[in-house]
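The structure under discussion appears below in the form of structure tokens.
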Amino acid sequence: MGISVAAAAPPPDAPLHQQMDWLGTQILAFGSEPGELRFDSDALAEEIGLTVKLICFEARQISQPFAHRAHCLLAGRMAISAATYVPLVASTSDHSDSTLEIPYFGSTRFRIEGKDWFDRAGQQAIYLPGQSFSVETGHFNGLLFNLNPQRLATTISEVSRHRVPLELAERWVQRPVAINLADPRVKHLQRHLESALQNLALLHGIGSGHPDAPLALGVETLAYRSSARMIVIALG
């Protein structure tokens, strides 16, 4: 599935109508509808809060409403958010799950224990363990989902045909991992996952849907296997 999101973003302090025009050009990773344009940061924070424990989530330009569009899916115990928004700042507390973010437009800076990590559209996705971090973004469009680190470690060992011992995989999932989106192997995994998400959204609808339906559980398994393979490519 090709996702074309190349329209240039306006300056962060541009008038709201320009921010809205830009948001209207962005295609979300799944869903047949464009997604309702909303202006309440709490609405998106509630959806993203299914994947991480937020303690702060607000627009960088406090003089303007926080404009965004988003879709959410539940697949098994996984929450998947596809969202586009104006520049924001956020922070999280420690939580049990890890996350993977794939950017389609823009970039995000994550600060973890004093070190900066980045994702960049077309260049780099980022896997983050369940540590607390602070976030700053520009205009952004991306895909975010949560991963149980123990299940992910087990899956890493499985997809590597145990060339990565479970003990090593358990250490891998406790550190941030930058994933090269230009690698053809990663591109293939990404496109396959996007196709499965779109299929789930079309058949079961956006939102809570039927998270325990066979198709949803299949998407959850695929997301684990795709994430595990991306991490093996990055670190193996």
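Across segment 101-123, the qualifying residues are those that are closer than 15 Å to residue 190 by Cβ and of a type in the set (Asp, Glu), and the one among them that is most open to solvent (accessible area, probe 1.4 Å) is 101.
Restricted to strands (runs of 3 or more DSSP E) entirely inside segment 80-128, those with at least 1 residues that are among the acidic types (Asp, Glu) and within 13 Å of residue 181 (Cα to Cα) are 98-105, 115-120.
Taking segment 147-167 as the range and being open to solvent by less than 50 Å² (accessible area, probe 1.4 Å) and among the aliphatic types (A, V, I, L, M) as the test, the residues that pass are 147, 152, 153, 156, 159, 164. One residue alone among 157, 227 is within 20 Å of residue 99 (Cβ to Cβ) and in a helix (DSSP H, G or I), and that residue is 227. The sole residue among 161, 185, 175 that is on the phi > 0 side of the Ramachandran plot and either within 15 Å of the chain's Cα centre (by Cα) or not aliphatic (A, V, I, L, M) (or both) is 161. Evaluate segment 145-153: report whether one residue or more is in a strand (DSSP E or B), under 22 Å from residue 187 (Cβ atoms) and among the polar types (S, T, N, Q). Looking for residues that are in a strand (DSSP E or B), under 22 Å from residue 187 (Cβ atoms) and among the polar types (S, T, N, Q), one finds none in segment 145-153, hence no.
Name every residue in segment 61-79 that is not in a strand (DSSP E or B) and not hydroxyl-bearing (Ser, Thr, Tyr), in order of residue number.
Across segment 61-79, the qualifying residues are 61, 62, 64, 65, 66, 67, 76, 77.
Tell me yes or no: at least one residue of segment 44-60 is of a type in the set (Val, Ile, Thr), open to solvent by less than 30 Å² (accessible area, probe 1.4 Å), within 26 Å of residue 231 (Cβ to Cβ) and in a loop (DSSP other than H, G, I, E, B).
yes
Which residues, counting only those in segment 168-192, are of a type in the set (S, T, N, Q) and either surrounded by fewer than 13 Cβ atoms within 10 Å (Cβ to Cβ) or not in a helix (DSSP H, G or I) (or both)? Within segment 168-192, 174, 180 qualify. Residues of segment 175-193 include at least one that is hydrophobic (A, V, I, L, M, F, W, C) and closer than 24 Å to residue 33 by Cβ.
Scanning segment 193-220 for residues that are of a type in the set (S, T, N, Q), open to solvent by 60 Å² or more (accessible area, probe 1.4 Å) and part of a helix (DSSP H, G or I) yields a total of 2.
Taking first residues from segment 13-38 that are under 21 Å from residue 61 (Cβ atoms) and partners that are open to solvent by 50 Å² or more (accessible area, probe 1.4 Å), the Cβ contacts under 6 Å between residues at least 6 apart in sequence or on separate chains come to 13/61. Would you mind stating whether residue 29 is under 14 Å from residue 143 (Cβ atoms), open to solvent by less than 10 Å² (accessible area, probe 1.4 Å), among the small types (Gly, Ala, Ser) and not in a helix (DSSP H, G or I)? So residue 29 passes the test.
When 189, 128 are screened for being among the aliphatic types (A, V, I, L, M), under 14 Å from residue 225 (Cα atoms) and touching a residue at least 12 places away in the same chain (Cβ under 8 Å), only 189 passes. Entry remark, segment 7-26: residues being outside any loop (DSSP other than H, G, I, E, B) and open to solvent by less than 80 Å² (accessible area, probe 1.4 Å) number 8 in total.
The values are calculated or read from the model by the stated rules, or taken from the named source; none is laboratory data. Predicted model, so just to flag it, every value in this text is computed and none were measured. Positions of Cβ are generated from backbone atoms using ideal geometry, with glycine treated the same way; all protein chains shown enter the neighbour counts. Side chains included, ligands, DNA and RNA excluded: accessible areas come from the protein's heavy atoms. Shrake-Rupley method; radii C 1.70, N 1.55, O 1.52, S 1.80 Å.
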